[in-house]
Structure formats: structure tokens, C-alpha cells
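The values are calculated or read from the model by the stated rules, or taken from the named source; none is laboratory data. Please read all numbers here as calculations on a predicted model, not as lab measurements. Ideal geometry is used to build each Cβ from the backbone, glycine not excepted, and the neighbour counts take in all protein chains shown.
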Amino acid sequence: MTATSPAPEAAPSAVEVSLATEGLAKSFGGVKAVDGASVTFQHGKVNALIGPNGSGKTTFFNCVTGMIQPDAGTVSYRGRDLTGKAPHRVARAGIGRSFQLCRVFPRMTVLENLLVAVRPGGLGRSMRSARDREDIARARELLSRVGIDHLEQAEARDLSYGQQKLLELAGVLMADPETIMLDEPAGGVNPALIDRIAGLVRSLNAEGKTFIVVEHNMDLVMSLSDHVVVFDRGRQICEGTPTVVQNDPRVLEAYLGV
């Protein structure tokens, strides 16, 4: 009787790309903020973009999301060219983002901040239609999810900075983006709220959301991320799992000062 050979192991599945840039560049005067960055981020994963201050992370975000026009290079999302597209077109493609400094409407209530995010005509129209009732219900559901539903009638300016971060995240979620780009979500936030934000990212990722997170809190980055990209002087110097990145000598030199 002839022995049966063991079945060959299945080859690992190829990583699906969410967002990719090729040769992306942006200069301000003589300063190259982003210098030919060619980067890929993984679909369905929590991706982190880290690097020292001034390494071009926020400028990179701004080029990708249409807040500023790149000087050169391309941006593609799920195979679709988004190079130089206006922010509303990037949003319609399925990308939402937060900002390093919170952007909320300070004199609007917490609930109104979420409703205006999905009402191009503003809040002046009637709030009695079926669509309006759906928007209000969704806004309240998201406020509950981020833990500030008890503040829905408070003006945004009366919230703590951490609560404003949660409000901004809820506003991003109102449009139900496929990919969420967060710029320093833990900046200026107390440890309890950092834990809440981390929990939200994990639960949303488990539901299928892709994340790209710029963050300086290395404990948070390394515990939260599946894939890490490291910038230095406007370009990628390393990428990989948190373990790979933490042990790369280029990262230790450029970012950790070793």
C-alpha cells in the first residue's frame, strides 16, 4: 500500500490594499513635507502611521483627503484614482477623517453637530420627514456608542477636549465610511478616554472598518495596530507588524532616538 503524501499547505492569502500612494510629494517653500512617499495600507486592518514631529504625517493625510493638493504623485483607494480630488469626493469614495485639532461647531449642540454632517443644506430644513427621523435616530445611536449621549443637548464648546474628540469621531461615523483616518486621536486625552477610543477602534474594526491612525502614543499604537508604517523626513523608512517596526534599527534611530 502506497503512503499518501500530505496535502501541501495553503499559500498565505495576498494582503488586500485599501489606500496606496505612489511618489506622493508636497513642499512648502523649500521644505519637503512629503517627499516621494510610496505607501500601502491594508484593507480591513488597523494601520498606524508614525514618525517624529515634522515627518510629514498630517501633510500626508491632507494630501490624501483633498485638503491640500500634492505637487506630484498619485493617491488610489480600492483601485480608484483620488489624486487631487476635493474633500467631498474623497468622502463619497468611502474615506472619513478626524483632525489633529478637533473640528466641531462650538455653538451647536452635540446632536446638531452630528446632523449637520449629513445635511448638505444645513439644519434649516424641516426635521419631520422620515429621512430626518432616521438621521436623528442614527445620531443618537452613535452618541450612545461613543458614550456621550447624555450630552446631546449641550453645546459642543462646553464639552471637555476628550469629549470633543469623541464627538468628532461620531461625526465621522455618521457618513458610514469604509475607511477612517484618525489624526492623533489620543492627543490631549486622559487615560480613561484613550481606553474608550481604543475600544471603539477595535470594535469598529471587528465590524469591517479599516483604520489609518496617526498617533504618538506608542503603547496605544503597538497594542492596537496590525500594520505600522514609519515616516521620517516625509517618506517611508519602514513598515510591518508592530514587532518588526519596534526592532528595526532605522526606526530606533529616527523615531525612538536610540
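Structure above, values below:
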{"item": "Lone unmet requirement of (1) at pLDDT 85 or above; (2) farther than 15 Å from Met181 by Cα for Lys45", "result": "(2)"}
{"item": "Qualifying strands (runs of 3 or more DSSP E) (wholly inside region 146-258; at least 3 residues being touching a residue at least 12 places away in the same chain (Cβ under 8 Å), touching a Lys or Arg at 6+ places or on another chain (Cβ under 6 Å) and buried (at least 20 other Cβ atoms within 10 Å of the Cβ))", "result": "none"}
{"item": "Selected residue (criterion: farthest from Cys63 (Cα to Cα)) from residues of region 171-227 that are acidic (Asp, Glu) and in contact with a Ser or Thr (Cβ under 8 Å, 6 or more places away or on another chain)", "result": "Asp226"}
{"item": "Members of region 17-51 that are among the hydroxyl-bearing types (Ser, Thr, Tyr) and either crowded, with 16+ Cβ neighbours inside 10 Å or not in a strand (DSSP E or B) (or both)", "result": "Ser18, Thr21, Thr40"}
{"item": "Meets criteria (surrounded by 19 or more Cβ atoms within 10 Å (Cβ to Cβ), of a type in the set (Val, Ile, Thr) and at pLDDT 95 or above) for Thr65", "result": "yes"}
